[in-house]
1. Can you name every residue in segment B:19-28 that is closer than 18 Å to B:ILE134 by Cα and open to solvent by less than 60 Å² (accessible area, probe 1.4 Å)?
2. When only residues in segment A:1-18 that are under 35 Å from the mean Cα position of the chain (by Cα), closer than 13 Å to A:VAL144 by Cβ and open to solvent by 60 Å² or more (accessible area, probe 1.4 Å) count, which is modelled with the highest pLDDT?
3. Suppose the filter is crowded, with 16+ Cβ neighbours inside 10 Å and touching a Lys or Arg at 6+ places or on another chain (Cβ under 9 Å); does B:GLY80 pass it?
4. I need the full set of residues from segment B:258-284 which are closer than 19 Å to B:ASP180 by Cα and not in a loop (DSSP other than H, G, I, E, B), in order please.
5. Return yes when B:ARG413 is open to solvent by less than 30 Å² (accessible area, probe 1.4 Å), closer than 25 Å to A:PHE532 by Cβ and not in a loop (DSSP other than H, G, I, E, B) and no when it is not.
6. Of the residues that make up segment A:394-413, is at least one out of contact with any Ser or Thr (no Cβ under 6 Å at 6 or more places or on another chain), small (Gly, Ala, Ser) and touching a residue at least 60 places away in the same chain (Cβ under 8 Å)?
7. Identify the residue in segment B:526-554 that is more than 14 Å from chain A (Cβ to nearest Cβ) and part of a strand (DSSP E or B) and, among all such residues, is surrounded by the fewest Cβ atoms within 10 Å (Cβ to Cβ).
There are 2 protein chains.
Amino acid sequence: MKVQEKIAALRKSMSEKGLRAYIVPSADPHQSEYVANCYKRRAFISGFDGSAGTVVVTDELAGLWTDSRYFVQAAQQLAGSGIDLFKQGEPETPEIEEWLGKVLEKGARVGADPMVFSASEFEKLAGKLEGSGIEVVGMESDLVDRVWGAEKPALPEGELRVHPVEFAGREAGDKVASLDKEIKEAGADFHVLCALDEIAWLFNLRGSDVAYNPVFISYAVVGKGKATLYVDPSKVTQDVKQTLGAEIECRPYDQFGTDLEALGKQGAGVWIDPDRCSRWVWERLSSSGATVMQKTGPVPQWKAAKNGAEIAGMKAAHLRDGVAMVKLLHFILKNVAGGELDEMAVVEKARQFRGESGKFIGSSFATISAYGAHGAIVHYAVSPESNVGLEPEGILLIDSGGQYTDGTTDITRTLALGRPSDEQKRAYTAVLKGHLGLTRQLFPWGTDGYQLDVVARAPLWNSGLNYGHGTGHGVGAALCVHEGPFSVSLRKVLHALVAGNILSIEPGFYKEGAYGIRIENLARVVEREDGFLGFETLTLCPYARDLIDSGMLDEIECRQVDAYHARVFEALSGRLEEAERDWLRAQTRPL
Amino acid sequence: MKVQEKIAALRKSMSEKGLRAYIVPSADPHQSEYVANCYKRRAFISGFDGSAGTVVVTDELAGLWTDSRYFVQAAQQLAGSGIDLFKQGEPETPEIEEWLGKVLEKGARVGADPMVFSASEFEKLAGKLEGSGIEVVGMESDLVDRVWGAEKPALPEGELRVHPVEFAGREAGDKVASLDKEIKEAGADFHVLCALDEIAWLFNLRGSDVAYNPVFISYAVVGKGKATLYVDPSKVTQDVKQTLGAEIECRPYDQFGTDLEALGKQGAGVWIDPDRCSRWVWERLSSSGATVMQKTGPVPQWKAAKNGAEIAGMKAAHLRDGVAMVKLLHFILKNVAGGELDEMAVVEKARQFRGESGKFIGSSFATISAYGAHGAIVHYAVSPESNVGLEPEGILLIDSGGQYTDGTTDITRTLALGRPSDEQKRAYTAVLKGHLGLTRQLFPWGTDGYQLDVVARAPLWNSGLNYGHGTGHGVGAALCVHEGPFSVSLRKVLHALVAGNILSIEPGFYKEGAYGIRIENLARVVEREDGFLGFETLTLCPYARDLIDSGMLDEIECRQVDAYHARVFEALSGRLEEAERDWLRAQTRPL
């Protein structure tokens, strides 16, 4: 089926339902960043398979809204589809609601699947369209699925495994009890969880339903002293049952909607997080008589404040990951002159070295291996078509990470494959100054990531440079590589960091058509004796010393690099082959 | 009349109106920071005359809510009044609405003067109390005025003067035309201005109705090609009339309410800024049939982006102010050993030297002259009771500024009157690093003061230090020393800085019971060739070089201090007496 045929079939369904337009976002029923194949409806209907984008189809028009990362890819993939590309962030681009208000008349009805909109998103959409006299109608089932038909992949059946308390630090029952207490204090009877990483964290379980993210398709309801996990019963092994204990019941995933209605009929007070629960959950509860309390849930911040066992697991994973990274960097630099290496080989080698390091499950996201001009494409994903060979010159950017049974890693290193230019060294060193400055920054409780972002950017700004992405994101402990609730970025997320948070520190600089530079370590937030917070770096891998213009570093920065390098050598040298160790010794000698 | 008698009289009025409580905030009908004496109702009814605080009187209880600056003063002034002190910012202190919800029953009515609440404040108050089943009733006239009776001061009758276009840079008629265009584009007929500095800026007029602030009691309505200024007719001289021109009509101040109702009866579309217009304005318009558009007004940001003439005026004022400050610092250091100087003499001398500098109108705020432990009281105001003599030891903090016909200044300098301790030098240098760091910081368009605040704090945080006030505020051009719409502070004011903004850069450190350090310059925001924004310092006065631990400064910081000091000497030396010049030469020699 061609995209044009799919759109025609969708329009037929729309017409039967009396709809003038239909909206297809990227999300799944759990508001995930990465979704299972059966939820890739936007990619199916439009042919555009980037990670972010929303398709809107009217009876006459069709458009895809996506951001600058995907302008080129979307233009290519949409060619001939009849779907127009709307470039988000460009001044002339209308918002979806604005556009619908223009192309539709008053009284028009727009359809949307309430499962793939959060409660707050749906309300915002409906509110904005109400201003143009347009009604948003929540569908009983997704209209795209009718078009997809039998071709649609089934719900994933990935294995469920226990995340041992040795790494989790707390029993699932203990976490559930804390949540139960919190629910009572909030004056509610139950709290509904839809976000897959929250559920995985709460129950000390890990899954394999979604690429790179050790989560499993599920819902959960907690309250009145017990918890129910809605999950495919075939995944619930004896081991899983034992971990959950008697207080945590497992019920089939498809029983969830009916059970929500039962809660409503009881007249229960149900707390949902409107940013993390779907509109569909809100509808089920509201229509059946529940008193719905919409309020940010506590689990994201509990999950983000890692305990001792989680930190120990993350450190152990970073030690092995550091060994793998040093082997990788040494391998590349040793072999680049041979002319046999290309971007894809780097991806493969990264996986291989991580695999050899122990406890490795898989990558924590698609490895970015970007040579030369590719490095300036911030979310470059190498493919057989784009793959280029490496030469002993220019700059290679590698952003990769691993999922291990005890932790999750995410590291970016930028390598000079030949003799770098002075300009490249200045740019690398400016990025390094930002990276070092934020890493050693102390800050009082209450400071948020929107404030701290500036500490990493300030040295770059003072060189007239900047970067278009965030400075840091939360990282789960043996969970998703991106997690909230805080963000260190120019996005106005005013959520304070707390002790135990683990995050990336990754400023960069990108020269279009030439090269990209990014330096990323993970760090945890620690409280000092004087009550201030600071960072402790988890990542163990040397910076690119031949890209450092040490004349640009002050004494404090030089000492900081030397101390970090000494720590890296001390931690890793005993785990390397001799040639690797020699290379690491040279890389980590004082500046 | 004693406070207790006043409260009793107020309760009698409340009872007549069927009110269980009455709220008396600090504001005037123009939401001013500094108010004329006739509006100091909270001070009258409670005896507490700090700049911030709200009194709430119920039929049985009375409370004053104020912040940490005033805990000591409020406790003293409230003693014996029967008014309880509620310390804002302390965890156990309830908000006013919360407290009223507890002490009153459902169905209770609370009175408030709608003139002294902004439209948005009133709505917030009413919304919160609605949750407790309490109704807020807007009074026809302020109940405190009944108690005050004949003793209440009259409306001020300060002189009105023309602010010449030489300093304003644009004719009043030209500004009005821009505003008229903006009103049309917003889809409204009229825009109502209540904020006194916005009106003074718009019409190129200055007044003397309020201490330190060259504003005059007035309202304005602009739209449909003309403007009306509501002001006491006796203030409107021939000169003023000529400046305003034919398109700007003057009408009596007390005609404003009736004219608002006339707009309503015409069915006009009226744009008000809900944070800057009183609830009373909103009521007058809404009840008479106007379509009220509530939206941030454009004047604050126009006023904050200074034009060439305003900047030239500010620079000229800072040159004279710098001469006055150097004379003052030299005078203090020369005479401190004589034992005749005290805090109040410093206030007087600052005024005298500024008066001699030319074009001086008065102070731009109450001079802070704080010696030793007084320096740690951030808003210390010296009085005959608190006044202490200066000794040739310890630290003196002077925060002062002038209103000149061409500009407004605000500067803080911290002086060592004897040999400073190493700890004091370390603290001063940490503050200086923050001050220098923000001063030389470049940043892209779109950056707000909540982000930039961190740049000044980062070096202090890294020394385990901090300060409890903002880093910077906007400063008017020959207008109020505090103005918006941006703020460089920990307050979450996410308003971007733009080229032409003039602001203070004033980090500090305070050691309770010992000393206070603050270093404040004014700077303007300039756009560089590469499109980044940066600061250009306006203030001309040396730092305290005997308080600088130059070992703590890096090369860039040393060069920055030396370059600034060279500029200060170059600018001021020709305008000083020989002894002053010698002192300045010594102060400004390279570190």
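1. The initial filter retains those residues of segment B:19-28 that are closer than 18 Å to B:ILE134 by Cα, namely B:19-24.
Residues satisfying the conditions are B:LEU19, B:ALA21, B:TYR22, B:ILE23, B:VAL24.
2. Residue satisfying both the conditions and the ranking: A:ARG11.
3. When the stated conditions are applied, B:GLY80 does not pass them.
4. Hits for segment B:258-284 are B:ASP259, B:LEU260, B:LEU263, B:GLY264, B:GLY269, B:VAL270, B:TRP271, B:ILE272.
5. In short, no.
6. yes
7. Of everything passing the filter in segment B:526-554, B:GLU536 is surrounded by the fewest Cβ atoms within 10 Å (Cβ to Cβ).
Here is a yes/no grid of residues against (1) out of contact with any Leu (no Cβ under 7 Å at 6 or more places or on another chain); (2) surrounded by fewer than 20 Cβ atoms within 10 Å (Cβ to Cβ); (3) within 14 Å of chain B (Cβ to nearest Cβ):
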site: A:ARG351; (1), (2), (3): yes, yes, no
site: A:GLY362; (1), (2), (3): yes, yes, no
site: A:GLU391; (1), (2), (3): no, yes, no
site: A:ASP399; (1), (2), (3): yes, no, no
site: A:ARG426; (1), (2), (3): yes, yes, no
site: A:LEU438; (1), (2), (3): no, no, yes
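The values are calculated or read from the model by the stated rules, or taken from the named source; none is laboratory data. All of these numbers come straight from a predicted model, not from anything done at the bench. Cβ coordinates were reconstructed from backbone atoms using ideal geometry, including for glycine residues, and neighbour counts include every protein chain displayed. Areas reflect the complete protein model, heavy atoms only, side chains present, ligands, DNA and RNA absent. Shrake-Rupley method; radii C 1.70, N 1.55, O 1.52, S 1.80 Å.
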